[in-house]
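A.B. asks: Have a look at this one before I ask anything.
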Amino acid sequence: MGNCCSDENGGHSAVGGNGAYAANQNNGHNEAVDALFKSRGYQGLYSHVELSLSATGLRDRDVLSKSDPMVVIYSKGRDGSLQELGRTEVVPNSLNPKWITKYTIAYHFETVQNLVFRVCDVDTQFHNQDVKMLKLEEQDFLGEASCTLSEIVTKSNGSLTLDLIRGEQSSGPKHAQKSGKLTVCAEESVASKTTVELKLRCSELVSKDLFSKSDPFLVISKHTESGMVVPICKTEVIKDDHSPKWKPITVNNQQVGSKDSPLTIECYDFNSNGKHDLVGKVQKSLADLEVLHSTGSSANLFTSAAVGQNSQNKVLKSQLFVDNFFEKTQHTFLDYLAWGYELNFMVAIDFTASNGNPRLPDSLHYIDPSGRPNDYQRAILDAGEVLQFYDKDRRYPAWGFGARPIDGPVSHCFNLNGSSDYCEVEGIQGIMTAYMSALFNVSLAGPTIFGPVVTSAADIANQSLMKRERKYFILLIITDGVITDLQETMDALVHAADLPLSVLIVGVGGADFKEMEILDADKQRLESTRGRVAVRDIVQFVPFRDVQSGDSVLQALLAELPSQFLEYMRLKRI
């Protein structure tokens, strides 16, 4: 999500801020804990969605009765391969069936989840067989429909009606015949919305530092079926305290599995080198923690016995208390989509001279005659293919920076379409076309300056906010260079953090991107020239060279967007 789709404010954002998102002296410590958290397998939140199916006007393939339809659900890979996900029951003698069997699928915002639905007429002689055992080649094909999961969940009623097609759609309309309609309804599971708010404290923690008290924080992890321990939540770091009281954190029930699922709660002493010392741990389920709260009792921390020793775990004097245990239902990312919220895509492309002459093969802007996309094109396509489903009109603001338009001075924010009046283009292909056209209508120059494009994006987000539009904006900046207006960009981003806006930065080429890591603010929140600290982290950065071949450039960055969206909504109490 990814992901991401339920509340993460209490847990993920507890490290690096408080309920009001104010800055504090421990902010750098808190943000630094993310490295430990993610290195141990944290993937963010996601939602489970239940699909219900019905059809109308199916083709009748039986002579003496109506068809007996069943639906087979597939996921479709990038290479076009199909993987069966599940089957409905057979509805006898019906051309307008409503299937009872539901299929539950994990919704991941950061990927395009292509689904294929094939309807077949099951012969009467097979009605007593388990549908899982039916040989599909022995059944009559009634029709096929396909869509993405994003197309379903972005509908206001969570329902999408598709034409069932017989024949090859790729062969043209003459060969693709409509054969009724299939309606797919998506409903988010209750577990995705149910959370537990915990307020934890410890007493008599063991000191791990020679000349000062410990700087403790907690990490809560779940146990997977394979035996792995995966973190799901963490607290903030508290400096110099052996009896810390942490701010409330939120655990999503779906992450845990059930209230009786075992959890490990580890207490660490923060170290700036990233090698945090384990103070002690407890193993309790949510149900156990609820009992600790209701009875006012505590649990002793322990340390595990050394490998190969027969001795038992060492029980410590240190204790864990649960001061608050509160179950609640919170609005999810999918809830806001159902209420009509959109994600609007914007892009800014680096046209500085350091990219190289676009007409030469060694240029980062070189357009390969074979059709193979360059790094700029790939980043646009990777982001666009995901975000396009969340923008109704699919009109995208697109800018360039660091170039000299024809007969003009160097511009650090010019409209990619060449217009002096408007910046929008039609669809992802419109961005690609405007980009390729701009390569031959501007002169690459420099330096690399982000401030103006961030300000332009923030202006659009602010105008939308003033109109009370239900929109959240995502600005994609693709660059090859070392930024030269770092503080000005930080000022613009601190201002933008108050707006419905996130910024994704992709670095291409072999430049030193240390400044981008500062903007990413994983270690410390951004601060403006006037000393104002950003209320939230809205920047995510990835260098293209770190992406493995075949992977989506932006998948890891996109997975963070629903959490940033929810953080903004709760910050503004929407």
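Please treat every number below as a calculation from the coordinates, not as lab data. None of the values given here were measured: they were computed from a predicted structure. Note that each Cβ is placed from the backbone with ideal geometry, even for glycine, and that neighbours are counted across all protein chains shown.
A.B. asks: Distances over 22 Å make up what percent of all Cα-Cα pairs in region 308-437? Please list the in-between numbers first.
C.D. replies: On the way: 4728 of 8385 pairs.
Here the long-distance tail beyond 22 Å is 56 percent of all Cα pairs in region 308-437.
A.B. asks: Excluding Glu290 itself, what net charge comes from residues whose Cβ is under 15 Å from its Cβ, given Lys and Arg +1 and Asp and Glu -1?
C.D. replies: My count for the surroundings of Glu290 gives -1.
A.B. asks: So, one more: Given axes a ≥ b ≥ c from the Cα gyration tensor, I'd like to know whether region 474-574 is rounded (a/c under 1.5), prolate (a/b larger than b/c) or oblate.
C.D. replies: Judged from the Cα gyration tensor, region 474-574 comes out oblate (a/c at least 1.5, b/c at or above a/b).
A.B. asks: Could you estimate the translational diffusion coefficient of region 82-171 from the Stokes-Einstein equation, with Rh from the Kirkwood formula over C-alpha pairs, at 4 °C and 1.567 mPa s, in whole µm²/s?
C.D. replies: Reported coefficient: 86 µm²/s.
A.B. asks: Which net charge results for the neighbourhood of Arg394, defined as the other residues with beta-carbon distances under 15 angstrom from its beta-carbon, given Lys and Arg at +1 and Asp and Glu at -1? Don't skip to the answer; put the middle values down first.
C.D. replies: Details: positive: Lys392, Arg395, Lys471; negative: Glu151, Glu342, Glu385, Asp391, Asp393, Glu424, Glu426.
With Lys, Arg at +1 and Asp, Glu at -1, the net is -4.
A.B. asks: Please compute the modelled spin-label separation between Lys514 and Lys259, points set 7 Å along Cα→Cβ, answer in nm with one decimal.
C.D. replies: Each label point is offset 7 Å from its Cα along the Cβ direction, giving 5.3 nm.
A.B. asks: What number do you get for region 385-447 when its Cα radius of gyration is normalised by 2.2 N^0.38 Å, N = residues?
C.D. replies: Computed over Cα atoms of region 385-447, the ratio equals 1.17.
A.B. asks: May I pose another question? Determine the gain in length on full extension of the stretch Met133-Phe302; use 0.36 nm per residue of separation and subtract their C-alpha separation, reporting nm with one decimal.
C.D. replies: Taking 0.36 nm per residue and subtracting the Cα distance, the gain is 55.8 nm.
A.B. asks: What translational diffusion coefficient, to the nearest whole µm²/s, does region 381-487 have by Stokes-Einstein, given a Kirkwood radius computed over alpha-carbon pairs, a temperature of 10 °C and 1.306 mPa s viscosity?
C.D. replies: Rounded to a whole number, D works out at 107 µm²/s.
A.B. asks: Suppose each label sits 7 Å from its Cα in the direction of the beta carbon; what would the Ile100-Ser81 distance come out to in nanometres?
C.D. replies: Going from the Ile100 label point to the Ser81 one covers 3.6 nm.
A.B. asks: Determine the calculated [θ] at 222 nm for the chain from helices alone, applying -39500 (n - 2.57) to every DSSP H run no shorter than 4 residues and normalising by the residue count; nearest 500 deg cm²/dmol.
C.D. replies: -5500 deg cm²/dmol
A.B. asks: Continuing with the same structure: Roughly speaking, what is the stretch gain from Ile406 to Lys328, that is 0.36 nm per residue apart minus the C-alpha to C-alpha distance, in nm to one decimal?
C.D. replies: 22.2 nm
A.B. asks: Using a 7 Å offset from the Cα along the Cα-to-Cβ direction at both Lys317 and Ser226, what is the distance between the two label points in nm, to one decimal?
C.D. replies: 4.2 nm
A.B. asks: Quote the FRET efficiency, to the nearest 0.05, computed for Gln463 versus Arg532 with a Förster distance R0 of 25 Å and r equal to the Cβ-Cβ distance. Don't skip to the answer; put the middle values down first.
C.D. replies: Working: r = 22 Å, r/R0 = 0.88.
It comes out at approximately 0.70.
A.B. asks: Another question, if that's okay. For region 253-350, what's the radius of gyration and Dmax over Cα atoms, in angstrom?
C.D. replies: Calculated on Cα positions, Rg and Dmax stand at 20.5, 61 Å.
A.B. asks: With viscosity set to 0.890 mPa s at 25 °C, what whole-number translational diffusion coefficient in µm²/s follows for the chain from Stokes-Einstein and a Kirkwood radius over Cα pairs?
C.D. replies: D, rounded to a whole number, is 93 µm²/s.
A.B. asks: Still on this structure: Which pairs, out of Lys284/Lys314; Lys98/Lys155; Lys76/Lys514; Lys193/Lys234, put more than 28 Å between their alpha-carbon atoms?
C.D. replies: Details: Lys284/Lys314 17 Å; Lys98/Lys155 20 Å; Lys76/Lys514 39 Å; Lys193/Lys234 19 Å.
Violating the 28 Å Cα-Cα cut-off are Lys76/Lys514.
A.B. asks: Further question: Which order do the peptides 366-373, 93-100 take when ranked by the mean count of other beta-carbon atoms within 10 Å per residue, highest first? Don't skip to the answer; put the middle values down first.
C.D. replies: Details: 366-373: 11.0, 93-100: 15.8.
Result, highest mean first: 93-100, 366-373.
A.B. asks: Let me know the whole percent of all Cα-Cα pairs from region 168-298 that are separated by more than 24 Å.
C.D. replies: Roughly 46 percent, once rounded to a whole number.
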